[in-house]
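The values are calculated or read from the model by the stated rules, or taken from the named source; none is laboratory data. In this text the structure is predicted, and so the values were computed from the model without any measurement. So basically every Cβ, Gly included, is an ideal-geometry build from the backbone, and we count neighbours across all protein chains shown. Accessible surface areas use protein heavy atoms only, side chains included; no ligands, DNA or RNA. Shrake-Rupley method; radii C 1.70, N 1.55, O 1.52, S 1.80 Å.
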Amino acid sequence: MNYLPYKPLEIEQKWQQKWKDNIFSHAVDFSDKEKKYILIEFPYPSGAGLHVGHVWGYTMADVISRFYRMNGKNVLFPIGWDAFGLPAENYAIKTGIHPRISTQENIGNFTNQLQRLGFSFDWSREVNTTDPDYYKWTQWIFLQFYKKGLAYQDEIPINWCPFCKTGLADEEVTSDNRHERCGNIVSKKKLRQWMLKITAYADRLIDDLSTVDYSDDIKNQQINWIGKSEGAYIRFGVQSNPADVIEVFTTRADTLPGVTFLVIAPEHPLALSLPTKEYIDAVKDYIDDSLDLSDIERTDVSKKKTGVFTGRYVVSPYDGSLVPVWVADYVLGNYGTGAVMGVPAHDDRDRVFAETYELPIVEVKDIGFDAITKMIEYLSEKGCGESTVVYKLRDWVFSRQRYWGEPIPIVHCPKCGVVPVPEEQLPIKLPEVDTYQPTDDGLSPLASIREWVEVPCPQCQTMAERETNTMPNWAGSSWYYLRYADSQNTNEFANFDKLSYFLPVDLYIGGAEHTTLHLLYSRFWHKFLFDLHLVPTPEPYAKRRNRGLILGPDGRKMSKSFGNVINPLDVIEQVGADTLRLYELFMGPFNGTFPWNYDSVRGVYRFLERVWKLTQDIVDSSVDQTERSVIIKLHQTIKKVGEDIGALKFNTAVAAMMEFLNVAEQHKKSISILDWSLFIRILAPFAPFISEEIWQVMHLSDSVGTIHILEWPKYDDSCINEDHVEIPVQINGKMRSTIIVSQEESMREDIVVSRANESEAIQRFLSGTNVKKVIFVPGRLINFVVTLE
RNA sequence: GCCGGAGUGGCGGAAUGGCAGACGCGUCGGACUUAAAAUCCGAUGGAUUCAAAACCCGUGAGAGUUCGAGUCUCUCCUCCGGCACCA
């Protein structure tokens, strides 16, 4: 016959237009239906446009959302823009184009691309972190942190380029500690910063992981990141001046008798005041040198251990012996107390240090868990120490010296000090500036807008100054999933009842790179809001899975510099969005890593084209009855695809549909339109465009309604099982033959055994042996355990 | 070094402890075509064999548990991801 050709671009363009303001993808507040909240990490709308990695994650979430809708659920599947960030600001520095303008353009571009892919987002709930109506609430939440004492200021070293005179983000610093733009060595500069006290939630962030369904690798990574370790503080008095005390942290208090030296970090408060006259110059030089080193260099394992003696001794609280104090950069200032006791016999790093400087090594006999307990008891009695818990997790540096972020709603008053902006004055909007370059002394570009900075103090009306730091771009993404529940609310960040209906998120899909930052930060914010009774659940995400990584065709990570980036739009131009969606799902399992393969894209295109053609055969022959073998395969496929979607096994779901097509093509003259339409329905969540076209245009149904609100087909159990099954026959566990029996017969041992014995091949293998045992797995297999006669 | 994850055909991958290699790609052969592309049909883990049947070997290596191991246990190797002088 003459087939109507499959023209994906025409079909997709048509439906894309019609779906623009579809409402079947809108979630309903307080519906009687069961809700399902499917969340994807909202994108940063970069100038480069959508990435194939986005497409993969979003397609999986879209399939699930469509599947749940067809199963009668009220699905919330929202989208928004994480639009503050460094690239837009750097672009503005380079071109002078306001970040708001370029961001708006990029959002328009992303929107088109997402719609082109047929994602069934609820566009009525779109959020944008740079919208003052949105960041008003980001600022508001900050004020709540401030009021509870969880937002505070501290002097924190930042990356500083002395040549450009700007502060730098970590990602602007190359691995050899240079500014990526100008190539100059980056140093550290201490600046006043706002901090959020995430450490106050460290225990709960660990403990509550047991209440959520995150994959084990995610849980482990978060636990290791928080890095809880139990140990003890031990205090050593300085010999020359017992008022000075050096406190160390150790997890091995039992090794205290083996202490032969003490090491303090170059950043330690006593590092400059402790040394004797004789040693002070050497110590100063050493500290200057080590502070020039980057963290990466300091913590490089291959680096030689260096240090310098202070000329001072402390007194061991264990036996009163004198212990020399050294300064060395292998001890970090920001972990524990910035000081450690050197026990070279029981710690590798201490041993290397001791060997380098020829310090004594003393072994401790009585070590272990009990010894630790005894030692801590002994120390607490003497008042020289106590048990404690420390964390690797540090408080969150929450300010940036940047323009393109949420202004921190604080006023600094010469009389009143730090004054929070009254809530009714929110949002504090970003002012227009002439230049986006940070100032020479490392302040945000906002600092030079005097008419914005100078405001009367909200408390005493004295002229005061606004905080000019902005928030990091993790701020807006820490609570966006809450806003989706009630995105238009002007009185509160979201209505509690609506939150109670939609929360928690049932499935959160995103990239592994956000496991320890965004995911942890947003859990922290959520718990804080929970404590204020503003959100209904202690955890935001009931289930989290990280998607894997798509590599370039050359097997390397996609990167501009390798020239191996696949642009999803190019793929769509060639084969259409349905093929792109299906291909990415088919590539491999949810969290795997695989290279792009053009030829395999072709294979998926062929599949859709064959579906298209076969539809015409089936409509053309218009039979009422479907061949039994096709019915069986159809119902097996409905079952398999439904189960696979629930288990996030999209690759095998697609494979199952391909298998069905292979069977169906063998019997194309004996498939009813009705049965075929069931197959098109299960294809619909995966390939929404071609399914809709087949449904509405190719007369599979009299209905003109969209296929995407139809019920997911039910499979018939009586159609799942084949009439006859092939049972493998094993001898001593080795497959020797198979027999074919009916479904009922396959469940009966006596019949299967006698049929097996009838088989020629089996008789040959059994001759000359004694059957010692028969293992029978009903419906599955028979195994004769034999010995030679 | 530590913590995760993974090693299966030429490639991506599939397999509740039960017929290893589903599905797709590629390759080979054939049909159609003046020809090519596209499409369709068939074959496709390896060894052995003129060929077929049959048999043998095969899931990183080695042991173990089991009637039976890609799957479970132990030891080792390799790769990927994350963290790392964290006391």
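Just wondering, is there one or more residues in region A:725-744 that are more than 30 Å from residue A:637 (Cβ to Cβ), acidic (Asp, Glu) and more than 10 Å from RNA strand B (Cβ to nearest atom)? Scanning region A:725-744, I find no residue that is more than 30 Å from residue A:637 (Cβ to Cβ), acidic (Asp, Glu) and more than 10 Å from RNA strand B (Cβ to nearest atom), so the answer is no.
Looking at region A:72-83, can you tell me whether even one residue there is among the polar types (S, T, N, Q) and either open to solvent by 60 Å² or more (accessible area, probe 1.4 Å) or at pLDDT below 90 (or both)? No, region A:72-83 contains no residue that is among the polar types (S, T, N, Q) and either open to solvent by 60 Å² or more (accessible area, probe 1.4 Å) or at pLDDT below 90 (or both).
Out of A:235, A:252, I need the residue that is within 10 Å of RNA strand B (Cβ to nearest atom) and more than 30 Å from residue A:524 (Cβ to Cβ). Which one? Even if it seems obvious, please write down each step before you answer.
On the way: A:235 fails: within 10 Å of RNA strand B (Cβ to nearest atom).
From the options A:235, A:252, the qualifying one is A:252.
Here is the figure for region A:610-632: residues that are away from RNA strand B (no atom under 11 Å from the Cβ) and basic (Lys, Arg) total 1. Of note, residue A:365 does not satisfy the criterion of being within 26 Å of the chain's Cα centre (by Cα), open to solvent by 30 Å² or more (accessible area, probe 1.4 Å) and modelled with pLDDT under 85. Residues in region A:670-712 that are in a loop (DSSP other than H, G, I, E, B) and either in contact with a Cys (Cβ under 6 Å, 6 or more places away or on another chain) or under 11 Å from residue A:67 (Cα atoms) (or both) were compared, and the one that is modelled with the lowest pLDDT is A:710. When we screen A:213, A:207 for residues that are farther than 30 Å from residue A:351 by Cα, without any contact (Cβ under 8 Å) to a residue 12 or more places away in the chain and not hydrophobic (A, V, I, L, M, F, W, C), the only hit is A:207. The residue of region A:101-122 that is most open to solvent (accessible area, probe 1.4 Å), among those that are of a type outside the set (Val, Ile, Thr) and without any contact (Cβ under 8 Å) to a residue 60 or more places away in the chain, is A:105.
Within region A:676-685, does at least one residue satisfy the condition of being touching a residue at least 24 places away in the same chain (Cβ under 8 Å) and on the phi > 0 side of the Ramachandran plot? Checking region A:676-685: not a single residue is touching a residue at least 24 places away in the same chain (Cβ under 8 Å) and on the phi > 0 side of the Ramachandran plot. Within region A:571-609, the set of residues being within 11 Å of RNA strand B (Cβ to nearest atom), open to solvent by 10 Å² or more (accessible area, probe 1.4 Å) and in contact with a Leu (Cβ under 6 Å, 6 or more places away or on another chain) comprises A:590, A:593, A:595. Of everything in region A:480-526 that is surrounded by fewer than 18 Cβ atoms within 10 Å (Cβ to Cβ) and of a type in the set (Val, Ile, Thr), the residue that is modelled with the lowest pLDDT is A:516. For region A:541-557, the set of residues classified as open to solvent by 30 Å² or more (accessible area, probe 1.4 Å), closer than 13 Å to residue A:594 by Cβ and assigned to a loop (DSSP other than H, G, I, E, B) consists of A:553, A:554, A:555, A:556, listed by residue number.
Here A:354, A:345 are screened, and the one residue that is open to solvent by less than 20 Å² (accessible area, probe 1.4 Å), within 14 Å of RNA strand B (Cβ to nearest atom), more than 20 Å from residue A:143 (Cβ to Cβ) and out of contact with any Leu (no Cβ under 9 Å at 6 or more places or on another chain) is A:354.
Here the condition is being in contact (Cβ under 8 Å) with a residue 40 or more places away in the chain and not in a helix (DSSP H, G or I); of A:648, A:661, A:580, A:634, it holds for A:648 alone. Scanning for something within 8 Å of RNA strand B (Cβ to nearest atom) and surrounded by fewer than 18 Cβ atoms within 10 Å (Cβ to Cβ), does region A:255-268 turn up at least one residue? Within region A:255-268, not a single residue is within 8 Å of RNA strand B (Cβ to nearest atom) and surrounded by fewer than 18 Cβ atoms within 10 Å (Cβ to Cβ). Of all residues in region A:308-342, those satisfying the criterion of being within 14 Å of RNA strand B (Cβ to nearest atom), touching a strand residue (DSSP E or B) at 6+ places or on another chain (Cβ under 6 Å) and small (Gly, Ala, Ser) are A:328, A:336, A:339, A:342.
Tallying residues that are without any contact (Cβ under 8 Å) to a residue 40 or more places away in the chain and either open to solvent by 80 Å² or more (accessible area, probe 1.4 Å) or touching a strand residue (DSSP E or B) at 6+ places or on another chain (Cβ under 7 Å) (or both) within region A:776-789 yields 4. In region A:133-151, the residues that are closer than 15 Å to residue A:426 by Cα form Cβ pairs under 6 Å with partners that are in a helix (DSSP H, G or I), at six or more places apart or across chains, as follows: A:138/A:475; A:138/A:476. Pairing residues of region A:30-55 that are more than 11 Å from residue A:80 (Cβ to Cβ) and surrounded by fewer than 17 Cβ atoms within 10 Å (Cβ to Cβ) with residues that are modelled with pLDDT of 90 or more and small (Gly, Ala, Ser), at Cβ distances under 8 Å and at least 6 apart in sequence or on separate chains, gives A:33/A:72; A:34/A:72; A:47/A:102.
One residue is enough: does region A:691-704 have a residue meeting the conditions touching a Phe, Trp or Tyr at 6+ places or on another chain (Cβ under 7 Å) and of a type in the set (Ser, Thr, Tyr)? Among the residues of region A:691-704, at least one is touching a Phe, Trp or Tyr at 6+ places or on another chain (Cβ under 7 Å) and of a type in the set (Ser, Thr, Tyr), which makes the answer yes. Within region A:458-479, the residues that satisfy the criterion of being surrounded by fewer than 21 Cβ atoms within 10 Å (Cβ to Cβ), in contact with a strand residue (DSSP E or B) (Cβ under 9 Å, 6 or more places away or on another chain) and farther than 24 Å from residue A:493 by Cα are A:459, A:460, A:462, A:463, A:465.
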